[in-house]
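Novice: My questions will all concern the structure given below.
No value in this document is a laboratory result; all are computed from the given coordinates. Note that this is a predicted model, so its numbers are computed, not measured. Backbone-built Cβ (ideal geometry, glycine too); neighbour counts: all protein chains shown.
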């Protein structure tokens, strides 16, 4: 009987002992420490028995089937011919090996034991899709990379293996049916259905961690096995969720892999770490409910989230990071500063309070300044469109599930989730000349997206939002110059706010509109722009294959905040498809020149014609061009994709050739901030609620030292309000020190204390929030100087201290 079977029996025996209340034998100090940390926690009455007793029947049946098939696979591998192979390392060195014998682990150990210990996974031939278990024999000559936890793919594999360990712990504790257990951005989760649909409780965290600790100590090997679809259906016959995944994802007559560690066997492509002992430290972070496959019509499941690291220092650093992130949480700051809130009667839609609205409007004003500077024109478009529009754009096929669809008078309408189709209608509502291009239109219209209720998260994931959405219609030869302008726009916006950023080129997805050659051309153009930006600014970019929009490739801009967290905000998308869908066109310059020459020729011909009285009488005939135009109009009227909308006629997409003398524009979709709601959340956490003066909802607090100075305090406030600044006056009965402290906690940028000296000389005693040396009483500043300095830093959006002189004099 192998170790996994023994583990199952040990689980059962251990649970029996705990169930009857057996006490461990008294021992030395070490035994008592173990009692406090492990068994004592596991037998906490609030959490119940550590593991389910008896263990589920499927554990043993699954193991027996695995052992039988694994034996057969090992025999087949043993019969494979052994041949000499070469393994090329990243530094160019070449190692000799034998096919089906030499493993990446052998190569790592040959270099150093420390490298072997740090190596999580191997990558072959530089291909991100060819990840390899380091204990799995190589089958041919290859280029080999040994990836550690510091590599992004290495980290994902480490967390995926940790999810399997969590899955084993959950099966042993709950006897549950596991669903999926992927790595995510900051750790991993496992999704499951507990018997009788019971929920996971916070009291389950410690017992799960206790089981995980024992799994790690056992150093269970991760073993890979190839199984047919029929074998998989038999192995997971007890689990309806796995049955669904197998039937849905695995074609008949094909095979895939499972991985085993200890008693756990799970459907998985892999790869994994060599053994569970690699997971040095592990923590359960939270739990939540979810829908199977994310569909609200499916069963409700339980998710348990965790995080793990290869050493304890990294776990400690991560938990410290979480503490800092919690302090900066925009939901907490939003409540403390009275910026916004959410109500259950409109989930996913923020209620913006006055101070939050100040920030919101300041952001919009800043973006409008940029629009004016860069030649954009702002437009306003409807919130709701007939489904005919969304069918024309393609969103009905690719995006309908994420839209709010409304039935009205037996027709379907959709609340707009984006502005591009409406802007296409604007472009096409009259003839356009090449002289109008590029035509830049910006729209802050309200958008709605039907996000699942479980996905809603503060301002970062909402259903109702606005974004700095803009579309640029231009000629193909104008793309390069416009891309340069957009990169400059990015640098100015993010530089002002203190963000660095990364660039990703997202290419053609599996489901897309348009021709492959058109996509290849668009991707090439974006790549050229990225390469030029890299050459001039040193900003590297990476390829993000298959993540483009359905209508075109895009550049995704990921910003890094002060905690080095990544946020995807801005996007630049190059679109040849929507202009085709909406049959957009503009009159070219060449055609105008041709028409001019034709007009000149007709004029010359008219001069040579005989006088009217000598001319032969004309016979009335139809103008051939009029006949052609009439025929075109008839075709357009009968074409559901171009002609007048008819609700009784089904939509049929048809290609319309470009009119003579015209050309098709290209369309750039772009956003710098993206969702204003999401961007506000990011800024809140980035600044930790300490807003820069130009963006701040609380710029100045005037603090009179007593009742005799209330009138002067109000006069000071009015002067600054007249300059469009946000000013409050504290006329409460609190002490002077408490008023100042309250203003500091509320994050006012500047606190003006006014008393007899200030009133007599029309001055203010200024304290600047971001300069600790100005927090004590200093030399008063003339009121007109204070106005001048604050207007200057607001208008220039500067972060400098406008009142440094008093601090310097105080330091003398």
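Novice: For residue 353 and residue 327, calculate 0.36 nm times their separation in residues minus their Cα-Cα distance, and state this gained length in nm to one decimal.
Specialist: Numbers: separation 26, 0.36 × 26 = 9.36 nm, distance 2.12 nm.
Full extension from residue 353 to residue 327 adds 7.2 nm.
Novice: So if R0 is 35 Å, what FRET efficiency would residue 528 and residue 338 give, r being the distance between their Cβ atoms, rounded to the nearest 0.05?
Specialist: Working: r = 48 Å, r/R0 = 1.38.
For R0 = 35 Å, the calculated efficiency reads 0.15.
Novice: Based on the Cβ-Cβ distance of residue 728 and residue 450, what FRET efficiency does E = 1/(1 + (r/R0)^6) give at R0 = 56 Å, to the nearest 0.05?
Specialist: Working: r = 40 Å, r/R0 = 0.71.
My answer for the efficiency is 0.90.
Novice: What nm distance separates the two modelled labels at residue 484 and residue 429, each placed 7 Å from Cα along Cα→Cβ?
Specialist: The answer from the label model is 3.4 nm.
Novice: Something else: Under 25 °C and 0.890 mPa s, how fast does the range 294-423 diffuse according to Stokes-Einstein, given a Kirkwood radius computed over C-alpha pairs? Answer in µm²/s, whole number.
Specialist: Answer from the Stokes-Einstein relation: 123 µm²/s.
Novice: Next up: Need one number for the range 219-345: average projected area of the convex hull over its C-alpha atoms, nm². Could the numbers behind the result be given before it?
Specialist: Details: hull surface 46.1 nm².
The directionally averaged projection comes out at 11.5 nm².
Novice: From the Cα gyration tensor of the range 78-147, with a ≥ b ≥ c the square roots of its eigenvalues, which class applies: rounded if a/c is under 1.5, or else prolate if a/b is larger than b/c, or else oblate?
Specialist: Values: a/c = 1.43, a/b = 1.34, b/c = 1.07.
It comes out rounded by the Cα gyration axes.
Novice: Evaluate Rg over Rh across the range 336-401, taking Cα atoms for both radii and Kirkwood's formula for Rh. Walk me through the numbers on the way to the answer.
Specialist: Values: Rg = 17.3 Å, Rh = 15.5 Å.
That ratio is 1.12, to two decimals.
Novice: Compute the Cα gyration tensor for the range 690-811, then decide on rounded, prolate or oblate, letting a ≥ b ≥ c be the square roots of its eigenvalues: rounded whenever a/c is under 1.5, prolate when a/b is larger than b/c in the other cases, and oblate in all that remain.
Specialist: Working: a/c = 1.30, a/b = 1.23, b/c = 1.05.
Verdict is rounded for the range 690-811.
Novice: Moving to a separate point now. For residue 370 and residue 280, what is the calculated FRET efficiency with R₀ set at 41 Å and r taken between the beta-carbons, to the nearest 0.05? Numbers along the way, then the final one.
Specialist: Details: r = 48 Å, r/R0 = 1.18.
It comes out at approximately 0.25.
Novice: Distance in nm between label sites at residue 255 and residue 185, each 7 Å beyond Cα in the beta-carbon direction?
Specialist: Result: 3.9 nm between the two label points.
Novice: Right, here's the next one. Starting from the Cα of residue 150, step 7 Å along the direction of its Cβ; do the same at residue 797; then give the gap between the two resulting points in nm.
Specialist: 3.7 nm
Novice: Separate question: Binning at 10 angstrom from zero up to the longest distance, how are the C-alpha pair distances of the chain distributed in percent?
Specialist: 2, 10, 15, 18, 18, 16, 11, 6, 3, 1, 0, 0, 0, 0
Novice: Of the peptides 155-166, 745-756, how do they stack up when ordered by the mean number of other Cβ atoms within 10 Å, highest first? All intermediate terms of the calculation are to be shown ahead of the outcome.
Specialist: On the way: 155-166: 24.9, 745-756: 21.5.
Averaged packing, sorted descending, gives the order 155-166, 745-756.
Novice: Given the peptides 313-325, 720-732, arrange them by the average over their residues of other C-beta atoms within 10 Å, most packed first. List each step's numbers first, then the result.
Specialist: Details: 313-325: 12.8, 720-732: 15.8.
Going by the mean number of other Cβ atoms within 10 Å, highest first, we get 720-732, 313-325.
Novice: I've got another one for you. Pulled fully out, how much extra length does the chain show between residue 233 and residue 562, if you take 0.36 nm times their separation in residues and subtract their Cα-Cα distance? Present the calculation step by step, with values, prior to reporting the outcome.
Specialist: Values: separation 329, 0.36 × 329 = 118.44 nm, distance 4.88 nm.
So the chain would gain 113.6 nm between residue 233 and residue 562.
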